[in-house]
1. Residue 78's amide H: which non-local residues (gap 5+, or another chain) put their own amide H closer than 5 Å, with H modeled 1.01 Å from N in plane and none for Pro or chain starts?
2. Which ³J(HN,Hα) values in Hz, rounded to whole numbers, follow from the phi angles of region 62-76 under the Karplus curve 6.51 cos²θ - 1.76 cosθ + 1.60, where θ = phi - 60° and Gly and Pro get x?
Amino acid sequence: MKEQAELDTIGERLRYAREQADLSQAELRHRLANSGVEVSRARLWNYENRPQTIPKPQLLIAIGKVTGFSPGWLYCGTGLQISNDALDQLLLELSQAKSQDDLALDLDLLAQIRRLPPKFKRALKQFIDAME
């Protein structure tokens, strides 16, 4: 089993989740297709092997459901590895971003916020609430 430190990229975490679920890439693609999510063999290979290729949140959610891993962990590498429905919903909402740049920014901010201590999270929430 790989150590957490060895899972630095989304691709490494995707491969790890797939292998822990005892699935080949073909089997994962088949299960994703059965759940209504199509992904080509080449694209799935790219996600696992090319760090600059980042899957959309809908695909991370689908892979999370198939493998039992949290889409947030697959993306960020932090937090719980197991699936969390609230995080799944948040990622789905983030997927409605207007552009890939907006989505990348939202996901980056989410990852940074998740690493904050609770008192800073509360302060940030108060700040955001005051802006609305």
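1. none
2. Karplus values, whole Hz, x for Gly and Pro: 5, 5, x, 5, 5, 8, x, 9, 5, x, x, 5, 4, 6, 9.
None of the figures in this text is laboratory data; all of them are computed from the coordinates on show. For clarity, every value in this text was computed on a predicted model and none was experimentally measured.
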